[in-house]
Structure formats: structure tokens, C-alpha cells
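Accompanying notes for the structure given below.
The values are calculated or read from the model by the stated rules, or taken from the named source; none is laboratory data. It should be emphasised that the depicted structure is a prediction, and the values quoted were computed from it without experimental measurement. Cβ: placed from backbone, ideal geometry, glycine included. Neighbour counts: every protein chain shown. Heads up: the accessible areas ignore ligands, DNA and RNA and are worked out on the full protein's heavy atoms, side chains in. Shrake-Rupley method; radii C 1.70, N 1.55, O 1.52, S 1.80 Å.
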Amino acid sequence: MSENDFVLNGFLEHGSARMNELAENSDTFGVVDRIGIPPRAYLCRFEGLEHLVKDEYGIVSRSMDTLFAEIRIPNDYLRTTDPNLGMRVVGIGSPIFHPNVRTPLICLGSAFRGGTCIHEIVRMVYEVLTYQVMTADEGNALDSVACRYLRDNPGICANLHRPPLRRRAHILKAVVHGKDKEQS
């Protein structure tokens, strides 16, 4: 990246601030490491997300292991129309049995475009890891076996533990109408 690429630098600085905010307001997401100033790459962790794994014998089971993903912003991120950009931007380093994942590749779906805010990329990764986004078309799946398995077992993802990405603010505001009553 050229030091004079003010647009990309501004994008990365804004992204870093939003990533800090997201990490501070999440019990499931955190940033393990940042690379660059401003950061161009993030090693992220997702905790407490129940997901499926397949062992070497082909047995599918549930796991609560921490999932790790990497987000890398290439120099051409804001200027490219590369249809495979998502494969260059996001990678996964943890085993997960999912139609949109073939470690280290993860497909975020058709909504991903160059210029997507970094914290929105995290949301998209979260939606894949929690099975909210997954292809049902074996021809488009990164893991066609997972695609077939989940299609043949439609209820398997329904009961997976999916804590929210962001903590909900529990601020209660009382509004008093009329005259206050004295309590005795």
C-alpha cells in the first residue's frame, strides 16, 4: 500500500476503531492479534459457538471449541471487482463441518463485496459459523459432503447454541407520567 493511499488508510483506521468497539461489546468475538498500523489483518476468535465437526472416520459431532478466523485487507480491496475477493480476505484456521467452509477457505455468500466494512465482515463470518448462512447447492458448496449431510438432516442445526455476536444493552428507563406518588 502506498503511504499516499489516504482512502485505504482511512478505511483501515475506521475499521480498526469499529473492531475494537465490536470486541468490547461481545462475549463471543475477540481480536487475538492485529498486523500493521493501521491494522490490515486481524486474527479473530469466536467462542461459545456450537458447531459441527467431522472426524477422520466420518462421524459428525457437536463441538464448542474456539474457532479462529483471519481477515486480511489486500491493497486492491476498495478498487477490485474480483468475484473471488472473499477467498483472499477471510480464512478459517479451525475445523468446522459446513457447506461454506473447506479449511482454510470460507465463503461468505453472495452479499460480500469489496469495500465491505471490516466489522461487517466479522458479522458475515459469524453468520456462517452459526449456520445462518450456508449454501444448499452442492455445486456451489466448498464442502459438498457437508451440504448433502445438512440437507439430509435439516434439524441438526436448529438446536445449536448461538449466543449473539453483540451483547445486548440492558438499560431500563422509567418514564413517570403525571404526579409522583409518595411511597410509604
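Assorted remarks:
- Strands (runs of 3 or more DSSP E) wholly inside segment 43-131 containing at least 1 residues that are closer than 22 Å to residue 154 by Cβ: 51-54, 60-63
- Residue 91 exposed (fewer than 14 other Cβ atoms within 10 Å of the Cβ) and either under 26 Å from residue 12 (Cα atoms) or over 13 Å from the mean Cα position of the chain (by Cα) (or both): no
- Any chance residue 81 is surrounded by fewer than 12 Cβ atoms within 10 Å (Cβ to Cβ) and in contact (Cβ under 8 Å) with a residue 24 or more places away in the chain: yes
- Of all residue pairs spaced 6 or more apart or on separate chains, those with beta-carbon atoms under 6 Å, a first member in segment 104-116 that is in contact (Cβ under 8 Å) with a residue 24 or more places away in the chain and small (Gly, Ala, Ser) and a second member that is crowded, with 18+ Cβ neighbours inside 10 Å and in a loop (DSSP other than H, G, I, E, B) are 109/133; 114/77.
- Verdict on residue 126 being in contact (Cβ under 8 Å) with a residue 40 or more places away in the chain, in contact with a Cys (Cβ under 9 Å, 6 or more places away or on another chain) and crowded, with 19+ Cβ neighbours inside 10 Å: no
- When residue 99 is tested against the conditions (1) on the phi < 0 side of the Ramachandran plot; (2) out of contact with any Asp or Glu (no Cβ under 6 Å at 6 or more places or on another chain), the lone failure is (2).
- Matching residues, segment 86-106, being out of contact with any Phe, Trp or Tyr (no Cβ under 8 Å at 6 or more places or on another chain) and more than 22 Å from residue 61 (Cα to Cα): 87, 88, 90, 91
- Index of the failed condition, residue 60 passing every other in (1) under 27 Å from residue 24 (Cα atoms); (2) of a type outside the set (Ser, Thr, Tyr); (3) modelled with pLDDT of 95 or more; (4) open to solvent by 20 Å² or more (accessible area, probe 1.4 Å): (1)
- Within the option set 50, 70, being within 22 Å of residue 151 (Cα to Cα), at pLDDT 95 or above and touching a strand residue (DSSP E or B) at 6+ places or on another chain (Cβ under 7 Å) holds for one residue only, 50.
- Checked against (1) of a type outside the set (S, T, N, Q); (2) at pLDDT 95 or above; (3) out of contact with any Gly (no Cβ under 6 Å at 6 or more places or on another chain), residue 113 meets all criteria but (2).
- For segment 1-42, filtering for residues that are assigned to a loop (DSSP other than H, G, I, E, B) and either in contact with a helix residue (DSSP H, G or I) (Cβ under 8 Å, 6 or more places away or on another chain) or open to solvent by 80 Å² or more (accessible area, probe 1.4 Å) (or both) leaves 10.
- Of the residues making up segment 17-34, those that are without any contact (Cβ under 8 Å) to a residue 24 or more places away in the chain and in contact with a Phe, Trp or Tyr (Cβ under 9 Å, 6 or more places away or on another chain) are 23, 30, 31, 33, 34.
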